[in-house]
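Undergrad: Handing you this structure, nothing more for now.
Rule-based calculations on the coordinates, nothing more; no lab input. Computed from a prediction, not measured in an experiment: that's the story for all the values here. So basically every Cβ, Gly included, is an ideal-geometry build from the backbone, and we count neighbours across all protein chains shown.
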């Protein structure tokens, strides 16, 4: 049952259409506009679920540390965007984050904690900066609360998919890691498709 859940969750993630990426804050409210920005952007969905998968794969304190660092850095990037501080190569880094995070999960790379945190922080900063650049006329507080909550939910989905694989196949068993790594490979492939499309 957990394997079916993981497959269904991945299917929903990769079928997200970027055509609906932005709700009008005047019509739907700032919170809804912020919440849907990452949820309806395939690059954001794949990267944020991959952070959760990576956290589940590493286990221990990484389960809360990696998502927390991502969200904190994302809010910092959002603030930098609102302040007009230029950050180069934001969109290429966002696309790279999907591929790199997917490959890290696929290869079950065991990085030192400081490097994992630094990598997640850079990616989170760029994702947040992009959210700020596309805020439009939304109120900053509601918009930020919306995309932060959506990001937490996407991270939790990744952690739960990883946990589901662990429960279904036994923690640290070869089957569990194979399932998580396969999802990571699919994430990286999705990132490549985003780059070439």
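Undergrad: Normalized C-alpha radius of gyration of the stretch 51-182, against 2.2 N^0.38 Å?
TA: Details: Rg = 15.5 Å, N = 132, 2.2 N^0.38 = 14.1 Å.
In units of the 2.2 N^0.38 Å rule of thumb, it is 1.10.
Undergrad: How much length would be gained if the chain were fully extended between residue 85 and residue 178, taking 0.36 nm per residue of separation minus their Cα-Cα distance, in nm to one decimal? Mind showing how you got there, number by number?
TA: Working: separation 93, 0.36 × 93 = 33.48 nm, distance 4.18 nm.
Full extension from residue 85 to residue 178 adds 29.3 nm.
Undergrad: Using mean Cβ contacts within 10 Å as the protection proxy, how do 116-124, 103-111 order, highest first?
TA: On the way: 116-124: 21.0, 103-111: 17.1.
Those peptides, ordered most packed to least, come out 116-124, 103-111.
Undergrad: For the pair residue 156 and residue 193, what calculated FRET efficiency results from E = 1/(1 + (r/R0)^6), where r is the Cβ-Cβ distance and R0 = 30 Å, to the nearest 0.05? Each step should come with its number before you reach the end.
TA: Numbers: r = 25 Å, r/R0 = 0.83.
That pair, residue 193 with residue 156, gives E of 0.75.
Undergrad: Got the relative contact order for the stretch 85-197 handy, in percent, Cα pairs under 8 Å and 6 or more residues apart? Show your work: numbers first, answer last.
TA: On the way: 73 pairs, mean separation 58.1, N = 113.
Taking the mean separation of contacting Cα pairs over the length of the stretch 85-197, I get 51 percent.
Undergrad: Rounded, prolate or oblate: pick one for the stretch 42-87, where a ≥ b ≥ c are the square roots of the eigenvalues of its C-alpha gyration tensor, a/c under 1.5 means rounded, and failing that, prolate if a/b is larger than b/c, else oblate. List each step's numbers first, then the result.
TA: Details: a/c = 4.32, a/b = 1.96, b/c = 2.20.
It is oblate, given that a/c is not under 1.5 and a/b is not larger than b/c.
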